[in-house]
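Working notes, structure below.
The values are calculated or read from the model by the stated rules, or taken from the named source; none is laboratory data. The model shown is predicted, which means the values in this text are computed figures rather than measured ones. Positions of Cβ are generated from backbone atoms using ideal geometry, with glycine treated the same way; all protein chains shown enter the neighbour counts. Just the protein is used for accessible areas: all its heavy atoms, side chains included, with ligands, DNA and RNA removed. Shrake-Rupley method; radii C 1.70, N 1.55, O 1.52, S 1.80 Å.
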Amino acid sequence: MSFVLSSSPAPAERAAAHFAAKLSFETDVSDVHQDLEAGVPGLVVVDTRGADAWEQGHVPGAIHLPTRQIAARAAREIPAGAVVVTYCWGPGCNGSTRAALEFARLGYSVKEMIGGYEYWVREGLPVRTRDGVRRRQGG
């Protein structure tokens, strides 16, 4: 008996709609990195972690806006019409999901960066620390 086929796959049309919808809510670290490198206008990456985590390292170009501060600070720090990409530590953290919900409630277009900071580092992408921008190896 197949574990994969114990539930029938969705028809192709339904699968296409599901995956298209999923991509409208999520993005990955590689795509975010490419857009930041290209200077895509109107994209704002938001690190939702606490101050200690931010100081240890963060995505270059991201702004630090912990979830609990979004309602109070978003209007003055995030331009109207921007597409916000939220991230937190990694797949085991729902901080970026909570932040994305808060931004959506405030009327922003928003996506969540799956994998978070953990997968950014795993990919060997540059991180900003108090010592400048560098690449870290490993998670």
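Each part reduced to its alpha carbon centroid, segment 1-61 and segment 88-139 end up 10 Å apart. With contacts taken as Cα pairs under 8 Å at a separation of at least 6 residues, the chain carries a relative contact order of 26 percent.
Please give the length that would be gained between Gln69 and Phe19 if that part of the chain were fully extended, namely 0.36 nm times their separation in residues minus their C-alpha to C-alpha distance (nm, one decimal).
On the way: separation 50, 0.36 × 50 = 18.00 nm, distance 3.16 nm.
Gain on stretching Gln69 to Phe19: 14.8 nm.
Take the alpha carbon gyration tensor of segment 21-121, find the square roots of its eigenvalues, order them as a ≥ b ≥ c, and report rounded if a/c is under 1.5; if not, report prolate when a/b exceeds b/c, else oblate. Rounded, since a/c falls under 1.5. Full extension of the chain between Ser7 and Asn94 yields a length gain of 28.5 nm, computed as 0.36 nm times the residue separation minus the alpha carbon distance. Rounded to the nearest 20 debye, the dipole magnitude of the chain is 260 debye, with +1 charges on Lys and Arg beta carbons, -1 on Asp and Glu beta carbons, and the Cα centre as origin. Dipole orientation for the chain: of the candidates Gly39, Ser109, Ser6, Ser109 has the Cα lying most toward the positive pole (charges on Cβ; Lys, Arg +1; Asp, Glu -1). Of the peptides 67-75, 36-44, the ranking by mean beta-carbon count within 10 Å, highest at the top, reads 67-75, 36-44.
In segment 28-89, carbon and sulfur make up what percent of the accessible area (probe 1.4 Å)?
Of the solvent-accessible surface of segment 28-89, carbon and sulfur hold 51 percent.
Here the extension length gained between Glu37 and Arg76 equals 11.6 nm, from 0.36 nm per residue of separation less the Cα-Cα distance.
Each of Thr129 and Leu106 was given a label point 7 Å from its Cα along the Cα-to-Cβ line. The distance between the two points is 3.0 nm.
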